[in-house]
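The values are calculated or read from the model by the stated rules, or taken from the named source; none is laboratory data. Note that the coordinates shown come from a computational prediction; the quantities given were computed from them, not determined experimentally. So basically every Cβ, Gly included, is an ideal-geometry build from the backbone, and we count neighbours across all protein chains shown. Accessible surface areas use protein heavy atoms only, side chains included; no ligands, DNA or RNA. Shrake-Rupley method; radii C 1.70, N 1.55, O 1.52, S 1.80 Å.
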Amino acid sequence: MQSKRVRVAISKGRILKEVCAYLAKVGYPNDIGKKDSRELIFNVKNLQILACKPSDVPRYVELGAADCGIVGSDCILEAECDIYEPISLPIGKCRMVLACPKNKKVELKAGMSIKIGTKYPRITQEFFLKKNIAPEIVFLNGSVELAPLTGLADAIVDITETGSTIRENNLKIVETIMEISAKVIVNKTSFRTLNKEIETITTALVKKIKI
Ligand code: PRP
């Protein structure tokens, strides 16, 4: 019997490259990560892989445009979607941090005022709420590190992997907010109708990645 088609939304960039390399090793031959192409849809056996902007992956899965997805836990938390999150993967590891210019001091005290530049307003709000601080949030789409260097914000909440962007822009980490890694997410209807197919792929992937 032929396996049913499964649409998988994957974060463009490092996660897509890594996951596709692992998929090739577990019986889904492809050269997606190696291709220098602008294609966004790839058919590999019964998989249809959608190369999505990371922050869009949870929405594709929630709304059923994809049956499942692979994306960083930062984007899942920020999107607050109605989806299942059955499995964490030991890839895409990084940290969500609060950072400020090296020559400034940021001491978090209840009731203080502070302006934060970030792509993650929800995570930022929640982090500061726990400290009884109501930050002014400046929502940005990228190059967030510029904000405290130009006076747009006092500090940033962003992810860091190697630490290069923070270092090269004369910033320092004030506090780690959370550890991040990639997760498999599944649409609630597809979880029932494509359970076997999704389980086959994710089990193979998890086994290979953990080796
Ligand atoms: C991400 C993040 C940091 C950088 C951190 O940005 O927002 O800017 O990577 O990585 P590092 O610690 O390894 O230097 P991304 O590359 O996604 O680009 P963006 O700033 O345009 O969002």
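For the chain, the Kirkwood radius over C-alpha pairs fed into Stokes-Einstein at 37 °C and 0.692 mPa s yields D = 178 µm² per second. Converting phi to 3J(HN,Hα) with the Karplus coefficients 6.51, -1.76 and 1.60 and the offset θ = phi - 60°, the stretch 69-85 yields x, 10, 7, x, 5, 4, 5, 5, 4, 5, 7, 6, 9, 8, 9, 8, 10 Hz in sequence order, with x at every glycine or proline.
For Lys35, the aspartates and glutamates whose Cα falls under 19 Å of its own Cα, not counting residues fewer than eight places away in the same chain, are Glu18.
Segment Phe139..Asn195, full-extension length gain: 16.4 nm, with 0.36 nm per residue of separation and the alpha-carbon distance subtracted. Computed from phi, the 3J(HN,Hα) profile of the stretch 96-112 under the Karplus parametrisation 6.51, -1.76, 1.60 (θ = phi - 60°) reads 8, 10, 9, 9, 9, x, 3, 8, 10, 10, 10, 10, 7, 10, 3, x, 5 Hz, with x in place of Gly and Pro. Using a Förster distance of 35 angstrom, determine the FRET efficiency expected from the C-beta separation of Thr165 and Tyr84, and round it to 0.05. So the FRET efficiency works out to roughly 0.60. By accessible area, using a 1.4 Å probe on protein heavy atoms only, the chain has 49% of its surface on carbon and sulfur. The simple spin-label model puts a point 7 Å past each Cα toward its Cβ; for Lys35 and Met112 those points are separated by 4.9 nm. Phi angles across the stretch 3-16 convert, under the Karplus curve 6.51 cos²θ - 1.76 cosθ + 1.60 with θ = phi - 60°, into 3J(HN,Hα) values of 6, 5, 6, 10, 9, 10, 8, 10, 4, 4, x, 4, 5, 4 Hz, Gly and Pro given as x. Rolling a 1.4 Å probe across the protein heavy atoms gives the chain an accessible surface of 55 Å² per residue.
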